[in-house]
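Worksheet for the structure shown next.
All of the numbers you see were taken from the coordinates with simple rules; none came from a lab. Since we're looking at a predicted model, the values are computed, not measured. Because the Cβ atoms are built from the backbone with ideal geometry, glycine has one as well, and the counts that use them run over all protein chains shown.
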């Protein structure tokens, strides 16, 4: 996944954009849990900031308010001050765009302060590795939205079986790793459609290139993909998919016709 | 009413930050402060402690068994490192720095080879909380803070009164004279080093349920410990206490009132200033 | 056996030939890989320059490498329209800015009189971490976490093609530059600093400036690596100033050989190449590297270059300067004009020094005239050596006044006092043990004489002076031991060498602390004669601390008896011998 807004020549994106992960998901969560106040926390770089821009619009559109917005550097280990702010803000939900170690430490501390039962958490980069680090007992009421989870679905069951047969049952596959597979599949689809691998030809043929993979049907449009988005809830050390949002557009507008190669 | 609540939270956060800092620094305070050995693998011994808990939990054994496991693992590793690397290089601080750094890489990559690079989950600090004057606060953290306080008081009393404490002080002040007085400095130094790294391992055991556990976690602890010792002063528990309060307090204060990045930056700048102008710290012992 | 210097030169030429022709026989892809490693190699060489040559270890060198990279990226991206010539000129900023920063940091830190110990290393590490933080946060300038992207090529080059030749030429140039500097007087001075910085200060060298210069140069070299890194990679992110990269530089320098610029360079290239190929094939690659690193630190402190040199039985450590065949006369010492001596040459007035609660000097008063040999005697702990320490900045003076040639020196530093014309010989012979006798004498000859520009020329290596000739005549063994390392001489010879060095500096006042300690009776007489004649030749004064009465009889014009930090009696030796006070003190009577 990425933040969107990049249209460099010869680049095609198969990752989720904030528009896909947030725009329909946040209103659904807001309605489902009657959320009135959201708190936003993320690491301090472009992806969380762009995500929060989209999130704020979605939150306001759903009739809720944003009661806090915090950015922390990567190497922070102690979130006590921020957690104090979150508790004092009386938020009902926290939108998390922390990555890597920050996400693990934050969520563990969050739970240790007894906040898991007071507010729900929703993150877009809490993939399976991070979830393991957070630990089952600290992951109550934790949601994630992504185009792939390592929980078998109709489209992904066989793929996951082959993956585990080759790499072992304990190998963890998350959306980040799986995206590399999607990238190759997309390239294959585009090349077949264009019957060539030159950048100009690929670009011209990209709109409409499509295949059916572990994520389901994926179609390229404006050099981004239209695909299913899954909302999952943490259950133990894995995710259970609770809602599928079919075939969401990316809302990106990269040129892809004859004029763009 | 509101102010009281926030002030109390603030002090609890400060207490936890200082307790965690003191806990993870004491090992280096002994090794660097007393023996003058720049142990760059200090953070990795803490990491070994946390992974002891991981191992014990994976084997389904009671979590308390992690304590003897951590002690054994760190003692063996510490003895080996001291014997093979630290002892021959006592007079060469750069080489000790590099040798222990090599050890840190070795320990890190060894753990990666055995456990993989991913995060490990250590259970034990679930959301059970205790009411502290009206504010809920995680019980595990409170217990940890109390344990650290008691342990330090005990350590201070022991060091100032015991014979071993006197011998260590003698050895540090004048090794030649200490040997002439019949103190087996080689064994004393080895024992001191092992004690330092074992304390680091035990810190890891105590923190495992709270912090994130992965092979590269050690570096942050190493850096913070160095900052505490540089500012507070090497060679005394008072220096350790002062350093802990200054560094921990600065970080919590600036983070609460401005933001976390500024907190970290302030600590860095403070440490650079002390390194430059008062390398013996606030409580100079040597 | 070929001389080590010739072997070193040969190896460098061979390596240069291989590097400069690489794309022709290894292909463009390899050239691209090796190019990046050569850039890292330059930063590694800059670490080795400080560490192996001058004795201090920078742990945050990526600060300068990354700074050069960011400046270069900035220049290339914004000056694109202005044309090639402007870009090249502005690119020199990518070298100048890190160099200036490094010099400033070195100067500020070293002037504070903490030694080049671990604290300097930790400061550089902390500064590097600060830079990393800045690079991440200051997104408007540095591009933040993503860095500066879309960096165009260096003018007239193509990053996948001929940029390699620019890099290779720069790398070869850096190796040659460092080697040339090592063979110049400044190289000897840097080596002396890493050997015994304290002693060098007593020869009038402001060592903090020399170290700052070394650090500044290392910043320039690392900056050059960074400057070429930007167009090579097309992208500069915070990793370029990261601690991980700094750590790599140190590891490569350690394994390659910190005293050898070629070793450091090849360390980076070879390990980098091995890592790239084997990292994925071999799960325990990182563990193996860690073990090799530990092994090198423990067993091969000079790295693989040192091990190779030891195998080839060339001089494993530093290659000493060759002994010149022809000599030229040095110019005179730049004399510092002070008030002419109506006042005594040296005077102490009510000087008090204490340390750790103990009073070492208790209101000491004394005077030393011109052209006189004074001897200080007194029981142990009387304060004799402390007098020397107090007047050469080695003991802080609590109160009182010390004047030398009219100038107040109680708060001056050792090198400042040395520059006024004070030469000191230490109780335990203190010479530069790993340098050759010839080089020790060179340093003495350069003392108070060599000008900064001259440190970069070859001329001072050939200097001679009248005093040097006279001194060599007095101590014949020096001439026949010129190539021997000073540390290999016997104790007695080292005493005499140190005295010879002090004599060659042509001081106005010689401070000689037990010059006959450890000498045989014959050597003692020889030394006393040498002191007498030197003092006469230089028209200088001397203060000699001695216990041997028969030796004193030969040279003492004046004797001062010190007791408990005060002057107890002054006079000729005959007078002192008859003094009741002195007899009481020496035989245990009341003070």
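Sorting C:7, B:73 on the 10 Å Cβ count, fewest up front, what's the list?
The fewest-first ordering by Cβ neighbours comes to C:7, B:73.
On the first, second and third principal axes, largest extent first, how far apart are the outermost C-alpha atoms of region C:346-586 in Å?
Extents along the principal axes: 55, 39, 32 Å.
Taking 0.36 nm per residue of separation and subtracting the Cα-Cα distance, what length does fully extending residue C:398 through residue C:277 add?
Fully extending the segment from residue C:398 to residue C:277 adds 37.2 nm.
What average number of partner chain Cβ atoms lie no more than 10 Å from the Cβ of the residues making up B:226-234?
Counting other chains' Cβ atoms within 10 Å and averaging over B:226-234 gives 1.
Could you check the simple spin-label distance between residue C:85 and residue C:310, using points 7 Å along Cα→Cβ, in nm with one decimal?
The modelled label-to-label distance comes out at 5.5 nm.
With a 10 Å Cβ neighbour count serving as the proxy for reagent exposure, in which order, fewest first, do C:415, B:276 appear?
Ranking C:415, B:276 by Cβ neighbours within 10 Å, fewest first, gives B:276, C:415.
Over chain A, what is the relative contact order in whole percent, taking alpha-carbon pairs under 8 Å and six or more residues apart?
That works out to 19 percent.
Just counting partner chain Cβ atoms within 10 Å, what average do the residues of peptide B:99-109 show around their Cβ?
Across B:99-109, the average partner-chain Cβ count within 10 Å equals 6.
Given the convex hull over the Cα atoms of region C:21-176, what projected area results after averaging over all orientations, in nm²?
10.5
Sorting A:240, A:44 on the 10 Å Cβ count, fewest up front, what's the list?
A:240, A:44
In percent, how large is the relative contact order of region A:157-218, given Cα pairs closer than 8 Å and 6 or more residues apart?
27
Using a Debye calculation, one point per C-alpha and no hydration shell, please list log10 I(q)/I(0) for region A:157-218 at q = 0.21, 0.26 Å⁻¹ in order.
Debye intensities relative to I(0), on a log10 scale: -0.82, -1.04.
Would you work out if region A:13-56 is rounded, prolate or oblate? Take a ≥ b ≥ c from the square roots of the eigenvalues of the alpha-carbon gyration tensor; rounded if a/c is under 1.5, else prolate when a/b is larger than b/c, oblate otherwise.
Oblate, since a/c reaches 1.5 and b/c is not below a/b.
Using the alpha-carbon atoms, what tilt in degrees (0 to 90, nearest 10) does helix C:521-538 show relative to the longest principal axis of chain C?
That helix lies at roughly 80 degrees to the long axis.
Given the C-alpha atoms of the protein assembly as shown, compute the convex hull and give its volume per residue in Å³.
Convex hull volume per residue, Cα atoms: 205 Å³.
How crowded by other chains is B:262-272, given as the mean number of beta carbons from other chains within 10 Å of each beta carbon?
4
Assuming R0 = 51 Å, can you tell me the calculated FRET efficiency for the pair residue C:553 and residue B:164, based on Cβ-Cβ distance, to the nearest 0.05?
0.40
Would you calculate the separation in nanometres between label points at residue C:427 and residue C:520, each defined as 7 Å from the Cα along the Cα-to-beta-carbon direction?
2.7
With a ≥ b ≥ c the root eigenvalues of the C-alpha gyration tensor of region B:1-100, is it rounded (a/c under 1.5), prolate (a/b larger than b/c) or oblate?
Since a/c reaches 1.5 but b/c is at least a/b, the shape of region B:1-100 is classed as oblate.
State the Cα centre-to-centre distance between region B:218-286 and region C:511-574 in whole Å.
52
Where the centre of each part is set by its Cα atoms, how far does region A:231-255 sit from region B:77-109, in angstrom?
49
For a protection proxy built on the mean count of beta-carbon atoms within 10 angstrom, sort A:154-162, C:553-561 highest first, please.
Order by mean packing, descending: C:553-561, A:154-162.
What is region C:103-211 by shape, rounded, prolate or oblate, if you read a ≥ b ≥ c off the alpha carbon gyration tensor as root eigenvalues and call it rounded for a/c under 1.5, prolate for a/b larger than b/c, and oblate otherwise?
Oblate, because a/c is 1.5 or more while a/b does not exceed b/c.
Calculate, for residue B:278 and residue C:574, the FRET efficiency according to 1/(1 + (r/R0)^6) with r their C-beta to C-beta distance and R0 56 Å; round to the nearest 0.05.
0.60
Return one number: the angle in degrees, 0 to 90 and rounded to the nearest 10, between the long axis of the Cα atoms of helix C:491-504 and the longest principal axis of the Cα atoms of chain C.
Tilt of helix C:491-504: around 90 degrees.
Find the centroid of the Cα atoms in region C:421-494 and in region C:20-62, then give the distance between the two in whole Å.
So the two Cα centres are separated by 35 Å.
Grab the DSSP H runs of chain B that are 4 residues or longer, score each as -39,500 (n - 2.57), total them, divide by all residues and round the 222 nm result to the nearest 500 deg cm²/dmol.
-23500 deg cm²/dmol
With r as the distance between the Cβ atoms of residue C:26 and residue A:33 and R0 = 51 Å, compute the FRET efficiency 1/(1 + (r/R0)^6) and round to 0.05.
It comes out at approximately 0.25.
For Cα pairs less than 8 Å apart in space and 6+ apart in sequence, what is the mean separation divided by the residue count of region C:4-311, i.e. the relative contact order in percent?
RCO, region C:4-311: 35 percent.
Quick one: helix C:4-48 against the long Cα principal axis of chain C, what's the angle to the nearest 10°, folded into 0 to 90?
It is inclined by approximately 20 degrees.
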